[in-house]
Amino acid sequence: MGIGRQMNRLLQGDVGSGKTLVALMSMLIALDNGYQACMMAPTEILANQHYETICQFLYGMNVRVELLTGSIKGKKRESILQGLLTGEVQILIGTHAVIEDTVNFASLGYVVIDEQHRFGVAQRARLWKKSEQPPHVLVMTATPIPRTLAMTLYGDLDVSIIDELPPGRKPVATVHQFDNHRESLYRSVRKQIEEGRQIYIVYPLIEESEKIDLKNLEEGYLHICEIFPNCKVCKVHGKMKPAEKDAQMQLFVSGQAQIMVATTVIEVGVNVPNASVMIIENAERFGLSQLHQLRGRVGRGAEQSYCILVTGYKLAEDTRKRLEIMVRTNDGFEIAEADLKLRGPGDLEGTQQSGVAFDLKIADIAKDGQLLQYVREVAQAIIEKDPEGILPENEVLWKQLKTLRKTNVNWAAIS
């Protein structure tokens, strides 16, 4: 942050490795230099959680921290917006509400984007426009999306890695089970509940098959209530009203409910150290990064935790590979590498997040790491020698680059 040019850095650390604390310490550096800092999270639940955590860390210090989400309205909202303009609000934490046009800063110097694979590239770009000079950007994720991984190989993003878990944490044991083995599955769930643990059961929910998916979730919920009559079961999905969703979440967080039946709304950031089992129904319908994120909801306490991937027997080759990777490793980078090989690097120059829109005829980003590194150094040397692009020997290169850059937003620079 001190070298005089804009930072664009990816901080990769597995779920629960302490990324929030790193973000806070670096935000304080911005504050020390007279700038404001902003942190953007993809859901209200996660933004609230960051807000509470950061307020706890800063207790007794003279730093004004505010929370801005879609549900904050009226006078409270006006006071926050005013405070941002005068510079009184030093740290702003929020959801997509932060990128609305009405939100303006006195001097935004540092932006943290959390769990970034939930934000589109164009959304991230809007944060850049909040400041005269582009602010420093720190992107935090437990699973880099392939496009970001491709960028790290391309060198537009610097990378920092937190590669160890806090002391006392055990890696989550992951098992793949077929859905006709429910009896043994429920037996082990019962045993965990008797030991005082809590359980997540997650169902897929995607827009194309929303009605059927919600029906499956409701049926699953009723089925679980029948099988575990002595337990309190709560349910959470994205179609619920925020207040209702928060109330259900609270039941689980406070320990009143032993089982939570949910969709992927819980994949990001909810912290319940007592939850030790994550059951993922129809696991074949989830991508690798989603599975890894969901698994990260358990294993936050000192007890051994389990993630059970439930599928039918008929599985495509790709799906089988995905599940094998999940069972084999807990390492976020390895999972991202595998995801890159399975899904392709995303469109580096565009906003497509994954799938090969990238026009490579021979090279393979996943396999040609060393070659990429070498080429990057060559490119760097050319830019240092010819920053204005005027030397005749580089004419073809600059011409080609201009042709590639017909669009005026430089997507590649926005992590």
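A few points about this structure:
- Cα gyration tensor shape for the range 18-141, rounded if a/c is under 1.5, else prolate or oblate: rounded
- Whole-Å distance, taken between Cα centres, linking the range 323-343 and the range 50-103: 37
- Spin-label pair Lys239/Arg5, simplified geometry with 7 Å Cα→Cβ offset, distance in nm: 5.0
- Exposure proxy ranking for Tyr200, Tyr35, Tyr59, based on other Cβ atoms within 10 angstrom of each Cβ and starting from the fewest, stands as Tyr59, Tyr35, Tyr200.
- Neighbour counting of Cβ atoms within 10 Å sorts the residues Leu10, Leu340, Leu31, Leu251, fewest neighbours leading, into Leu31, Leu251, Leu10, Leu340.
- The fraction of all Cα pairs in the range 173-329 landing in successive 5 Å bins from 0 to the largest distance is 2, 9, 20, 24, 23, 15, 7, 2, 0, given as whole percents.
- Paramagnetic reach from Leu31 in the range 92-110 [backbone N under 13 Å; point 7 Å along Cα→Cβ]: 92-93
- Look at Leu288, Leu68 and count the other Cβ atoms within 10 Å of each Cβ; fewest to most, that gives Leu288, Leu68.
- Projecting label points 7 angstrom from Cα along Cα→Cβ for Leu404 and Thr102 puts them 4.1 nm apart.
- Placing dummy labels 7 Å off each Cα toward the beta-carbon, the span from Cys225 to Arg328 is 4.2 nm.
Rule-based calculations on the coordinates, nothing more; no lab input. The structure presented is a predicted model; accordingly, all values stated were derived computationally and were not measured. Heads up, the Cβs are rebuilt from the backbone with ideal geometry, glycines too, and the neighbour counts pull from every protein chain shown.
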